[in-house]
Amino acid sequence: SIPSRSARQMEDGSSPSFSEKQTLDACAYCFDVLINSFDAKHKIPQPDLPKSDFPLFVTWKIYNNRKQYWNLRGCIGTFQKQPLLSGLKDYALTSAFKDTRFDPMSQDEVTSLAVNTSFLTNFEDAKDCFDWEVNKKMKLTLYLMRL
């Protein structure tokens, strides 16, 4: 059977003030928001999450039965702090319907989806745009675009 939910913790393995249940609840909340967008009668339970603001990302993956692996289906977030519930709602829907790399999600895909939520913490002030170091926990991807 295909898992319908997943959760991602911080790169260092911690969750900022989140229990494992809260992390899973954040993922379940994203699913409820998505399902509600297709069926307004679907109720969205309010999860017990921290009342803090966080930069966050919501990543959807879809299971490919033929190839037996997960494919990226949408991922959008922000480095700006968001109230957690409204941020999760906004970015669950934005990553599902407005990630320009993909067609908008359909209701038929819901049973094949998994979601990851990422909450970003421990930012440091930088002197300038060159004040950073690559480390084991950081992946850097650069894209060259022609204008």
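Please list the non-local residues whose amide H lies under 5 Å from the amide H of Gln82, H modeled 1.01 Å from N, same-chain partners needing a gap of 5 or more.
Residues meeting the amide H criterion: Phe54.
Which entries in Lys98/Lys127; Lys21/Lys127; Lys21/Lys43; Lys21/Lys41; Lys43/Lys98; Lys81/Lys127 show an alpha-carbon gap greater than 29 Å?
Lys98/Lys127; Lys21/Lys127
At a 1.4 Å probe, what is the % contribution of carbon and sulfur to the accessible area of the range 17-116?
51
Under the Karplus relation 6.51 cos²θ - 1.76 cosθ + 1.60, θ = phi - 60°, what is the ordered set of whole-Hz ³J(HN,Hα) values for the range 51-65, x standing for Gly and Pro?
Rounded to whole hertz, the list is 8, 8, 9, 9, x, 8, 9, 10, 10, 9, 10, 10, 7, 9, 4.
Compute the distance in nm between two label points, each set 7 Å from the Cα along the Cα-to-Cβ direction, one at Ser52 and one at Asn64.
It is 3.7 nm.
Full extension from Ser19 to Leu85: what is 0.36 nm times the residue separation minus their Cα-Cα distance, to one decimal in nm?
22.2 nm
Pop a pseudo-label 7 angstrom from the Cα along the beta-carbon direction at both Asp128 and Ser112 and give the gap in nm to one decimal.
4.9
How charged is the neighbourhood of Ile62? Take every other residue with its Cβ under 10 Å from the Cβ of Ile62, and add Lys/Arg as +1 and Asp/Glu as -1.
So the environment of Ile62 carries a net charge of +1.
Around Trp70, which amide H atoms from residues at least 5 apart in sequence, or from another chain, sit under 5 Å from its own amide H, with H modelled in the peptide plane?
It is Asn64, by chain and number.
The values are calculated or read from the model by the stated rules, or taken from the named source; none is laboratory data. Everything numeric here is computed off the predicted structure, so don't read it as measured data. Cβ: placed from backbone, ideal geometry, glycine included. Neighbour counts: every protein chain shown. Surface areas here come from the heavy atoms of the whole protein model, side chains and all, with no ligands, DNA or RNA. Shrake-Rupley method; radii C 1.70, N 1.55, O 1.52, S 1.80 Å.
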